[in-house]
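Worksheet for the structure shown next.
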Amino acid sequence: MLRGMMMGVPLLVTSVLRHAARYHADTEIVSRTTEGPIHRYTYADAWARSQRLANALAALGLQPGDRVGTLAWNGYRHLECYYGIGGSGMVCHTINPRLFPEQIAYIVNHAEDRVLFTDLTFIPLLEGIADHLTGVKAIVVMTDAANMPRSSLPNLLCYEDLLAEQPAEFAWPDLDENTACGMCYTSGTTGNPKGVLYSHRSSVLHAMAACLPDVFGLSASDVVLPVVPMFHVNAWGVPYAAPMVGAKLVFPGAKLDGASLHELFEAEGVTNTAGVPTVWLALLNWLHANGKTLTTMRRIAIGGSSCPPVMIQRFKEMGIEVLHAWGMTETSPLGLANTPKSKHRGLDADEALALASKQGRPIFGVQFRVVDESGADVPRDGRSFGRLLVRGPTVCSGYFGLDSSPAHETEPGWFETGDVVTMDGDGYVQIVDRTKDVIKSGGEWISSIDLENIAVGHPAVQEAAAVAIPDEKWGERPMLVVVVKEGASLTREELLAVFEGKVAKWCIPDDVRFVEALPHTATGKLLKSTIREMVTNPATA
Ligand code: AMP
């Protein structure tokens with residue numbers, strides 16, 4: 001073998017922020033702070049303060065490889081943690097504060113976090129679980145001395161005081177690009193959450209892919225506001241992707257309601273944003289109720305759950321392109337992104353919407369297979385269902401602290417996603433369901449996502465879930481559980497009528513249950529196990 005003669009410069013996240021600080025020094029990073037006011041600074045400032053933070057971590061006695069937890073909203077100090085912790089050869093372990101307190105305690109202990117960085121918001125949460133956090137030697141509150149809380153927590157430190165004591169230059173270690181820099185636990189709706197450990201290499205490669213024109217399509221002329229939290233799968237890579245191209249970054253902090261998002265979008269001239277469908281549903285309702293629109297937005301990436309076609313259409317009416325995308329904690333997360341190809345230019349509106357509603361095409365770097373029960377590839381005809389398997393440098397090869405995991409043992413070298421999908425000849429993948437959520441009626445599979453998308457197309461429906469209920473004759477039958485929009489009224493018959501002609505007769509739900517609200521996971525997905533329990537066993541729900 002003849003080796004290439006190119007420099008073996010490692011792919012490190014530190015090089016991303018260094019690049020932004022050198023060539024986009026005065027490009028702004030704007031944050032809505034937990035304390036209240038809007039904070040503004042630049043990539044040059046973020047770089048200097050990340051180095052102060054790296055010095056502070058060393059002064060605390062932390063070592064390369066140590067896990068450092070964060071409980072924080074999207075904001076500039078959290079960005080400094082990403083780079084200061086990761087660049088020091090430590091692991092920035094972002095923790096989802098929406099998990100149950102017991103799960104958070106489990107995660108902190110399992111990861112063996114030595115220090116936690118927290119926003120003011122989460123002090124009460126930490127006070128509640130402090131007794132269980134035996135390995136944590138200090139908690140750093142991400143605020144200044146004036147806003148430090150009174151708290152029973154031991155070893156409470158002030159972030160701004162720590163940084164003020166340190167120089168703004170740090171001798172970043174020469175790291176192997178496979179060194180871990182970040183960590184995120186899966187939401188764990190069944191069993192304990194599992195830790196995914198991202199490397200510098202995977203994070204840089206993922207950020208490059210995220211910037212591609214057919215993915216987030218980011219550039220130095222963009223203003224990007226990640227609504228998707230930095231505590232879940234690195235806000236889909238935006239904190240690495242934006243500095244890589246020098247895009248202005250806007251962080252929304254804790255305020256994710258329609259009015260607050262609209263205010264920031266318009267005030268800062270946001271062109272790109274990303275988040276789960278529930279956030280956009282709330283924003284669309286707010287825009288409608290207040291007669292407003294978004295004047296600078298160009299592209300909204302929507303993923304995490306299926307994006308209903310009606311949502312794509314409503315944004316399109318405002319001149320905004322929706323990028324439907326698919327990913328997982330285990331895939332960094334981006335795997336599929338949906339933009340049309342040149343050959344799709346002549347599609348009529350209905351065909352274009354049907355295409356845009358799929359989860360998208362494989363992003364370079366992630367390989368996809370769709371296989372049947374025996375492990376054989378199913379035809380790429382857009383109709384044949386199969387289990388989705390993935391592999392690539394941004395896909396996890398195992399979970400932290402677990403020797404083996406059933407999730408990726410099914411086909412050697414491939415990660416079993418747990419999703420059932422179809423793929424067409426152009427590579428567009430449609431998620432039919434999670435394996436455990438698909439409704440099996442008389443030997444046929446019914447996609448709960450299809451039924452939900454049709455139901456939310458009814459103007460009176462706020463949110464809908466389709467679940468299987470046991471049936472003597474068919475095994476399972478679909479049932480709809482629906483939240484009606486405030487002030488609207490809807491009968492079972494009116495709702496079921498929208499299914500006529502849209503799905504085969506046997507796929508139409510047998511019944512509808514109207515509820516006040518639907519339960520969600522900590523990452524905003526419908527909590528199907530609890531919803532099934534609500535309908536099959538109403539007394540316990
Ligand atoms: P998580 O690791 O918590 O982000 O969850 C990953 C799972 O979310 C995937 O395996 C899918 O089941 C689901 N998911 C992500 N994006 C989409 C999407 N665009 N449409 C449907 N399901 C999605």
Debye log10 I(q)/I(0) at q = 0.05 Å⁻¹ for the chain, Cα point scatterers | -0.20
Computed over the chain: longest principal axis from alpha-carbon atoms vs helix 13-23 long axis, angle to nearest 10 degrees, is 70 degrees
Of all alpha-carbon pairs in the range 333-480, indicate the percentage at a distance above 22 angstrom.
-> 50 percent
Cα to Cα, under 17 Å, and not fewer than 8 places away if on the same chain: which aspartates and glutamates meet these conditions relative to K358?
-> D214, E321, D348, D350, D381, D419, D424, D426, D433, D450, E452
Which FRET efficiency value, to the nearest 0.05, is calculated for W286 and A145 with the Förster distance at 41 angstrom and r the Cβ-Cβ distance?
-> 0.65
Mean 1/r over all different Cα pairs, inverted: what Kirkwood radius does the range 366-434 give, in Å?
-> 12.5 Å
Counting only heavy atoms of the protein chains, get the accessible area per residue of the range 30-94 (1.4 Å probe) and round it to a whole Å² value.
-> 24 Å²
Full extension between T410 and E444 adds, at 0.36 nm per residue less the Cα distance, a length in nm of 9.9 nm
Based on the Cα gyration tensor of the range 13-256, what are the three equivalent ellipsoid semi-axes, each the root of five times an eigenvalue, rounded to whole Å and given largest first?
-> 26, 20, 18
Evaluated at q = 0.11, 0.23 Å⁻¹: base-10 log I(q)/I(0), Debye formula over Cα of the range 26-135 | -0.36, -1.28
The chain - mean residue ellipticity at 222 nm from DSSP helices (-39,500 (n - 2.57) per run, n ≥ 4, rounded to 500) | -8000 deg cm²/dmol
Along the principal axes of its C-alpha atoms, what lengths does the range 122-245 span, in descending order and rounded to whole Å?
-> 49, 45, 31
Which number do you get for Rg(Cα) / (2.2 N^0.38 Å) in the range 439-540?
-> 1.03
About its Cα centre, the chain carries a charge dipole, from +1 on Lys and Arg Cβ atoms and -1 on Asp and Glu Cβ atoms, whose size in debye to the nearest 20 is 700 debye
Can you tell me the dipole magnitude for the range 366-434 around its Cα centre, using point charges on the Cβ only (Lys, Arg +1; Asp, Glu -1), in Debye to the nearest 20?
-> 140 debye
Taking every alpha carbon pair in the range 403-473 and sorting the distances into 5 angstrom bins from 0 up to the bin holding the longest one, the percent per bin comes out as 3, 13, 16, 18, 18, 15, 9, 5, 2, 0
Dipole axis of the chain (+1 Lys, Arg; -1 Asp, Glu on Cβ), positive-most option in I95, W474, G258 | G258
First measure r as the distance between the Cβ atoms of N537 and N155, then evaluate 1/(1 + (r/R0)^6) with R0 = 45 Å and state the FRET efficiency to the nearest 0.05.
-> 0.50
Rounded to one decimal in nm, the spacing of the 7 Å Cα→Cβ label points at E351 and E516 is 4.8 nm
Computed lengthening from K341 to M318, 0.36 nm per intervening residue step minus Cα-Cα distance = 6.1 nm
Projected label distance in nm at E169 and M5, using a 7 Å step from Cα toward the beta-carbon | 3.5 nm
Among all the aspartates and glutamates, which ones have a C-alpha under 18 Å from K248's C-alpha, if same-chain residues fewer than 8 places away are not counted?
-> D26, E28, D45, E80, D222, E263, E266, E268
Residue-by-residue Karplus 3J(HN,Hα) for the range 76-93, coefficients 6.51, -1.76, 1.60, Hz, glycine and proline x | 5, 5, 5, 4, 4, 5, 3, 7, x, 6, x, x, 7, x, 9, 10, 7, 9
How far is helix 43-59 tilted, in degrees, relative to the longest principal axis of the Cα atoms in the chain, given as a value from 0 to 90 rounded to the nearest 10?
-> 70 degrees
Checked against the positive end of the charge dipole of the range 439-540 (+1 on Cβ of Lys and Arg, -1 on Cβ of Asp and Glu, about the Cα centre), the farthest of S447, G457, S489 is S447
So which of K316/K343; K343/K505; K341/K485; K485/K505 end up more than 29 Å apart by C-alpha?
-> K343/K505; K341/K485
Taking only protein heavy atoms and a 1.4 Å probe, what accessible area per residue, in Å², does the range 439-540 have with all protein chains in place?
-> 50 Å²
A chain fully extended from T121 to E373 at 0.36 nm per residue, minus the present Cα-Cα distance, gains in nm 86.1 nm
Going highest first, how would you order 135-141, 477-483 by mean Cβ packing within 10 Å?
-> 477-483, 135-141
Phi angles of the range 136-144, converted by Karplus (6.51 cos²θ - 1.76 cosθ + 1.60, θ = phi - 60°) into ³J(HN,Hα) in whole Hz with x for Gly and Pro, give 7, 9, 7, 10, 9, 8, 7, 7, 9
Under 5 Å between amide H atoms, partner at least 5 residues away or on a different chain: which partners does V250 have, H built in plane at 1.01 Å?
-> V30, V224, L225
Under 5 Å between amide H atoms, partner at least 5 residues away or on a different chain: which partners does G418 have, H built in plane at 1.01 Å?
-> L388
Average projected area of the Cα convex hull of the range 10-72, in nm²?
-> 5.6 nm²
Mind ranking 295-302, 122-129 by how tightly packed they are, going by the mean number of other C-beta atoms within 10 angstrom, highest first?
-> 295-302, 122-129
Considering only protein heavy atoms, what per residue accessible area in square angstrom results for the range 296-419 with a 1.4 angstrom probe?
-> 45 Å²
Unit charges on C-beta of K, R, D, E only; dipole of the range 439-540, Debye = 180 debye
What residues have an amide H closer than 5 Å to that of S199, excluding those fewer than 5 places away on the same chain, when H is modeled at 1.01 Å from N in the peptide plane?
-> C181
How large is ³J(HN,Hα) for each residue in the range 279-285, as worked out from phi by the Karplus curve 6.51 cos²θ - 1.76 cosθ + 1.60 (θ = phi - 60°), to whole Hz, x for Gly and Pro?
-> 5, 6, 4, 5, 5, 4, 4
Carbon and sulfur atoms: what percent of the 1.4 Å accessible area of the chain do they account for?
-> 53 percent
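The values are calculated or read from the model by the stated rules, or taken from the named source; none is laboratory data. None of the values given here were measured: they were computed from a predicted structure. Ideal geometry is used to build each Cβ from the backbone, glycine not excepted, and the neighbour counts take in all protein chains shown. Heads up: the accessible areas ignore ligands, DNA and RNA and are worked out on the full protein's heavy atoms, side chains in. Shrake-Rupley method; radii C 1.70, N 1.55, O 1.52, S 1.80 Å.
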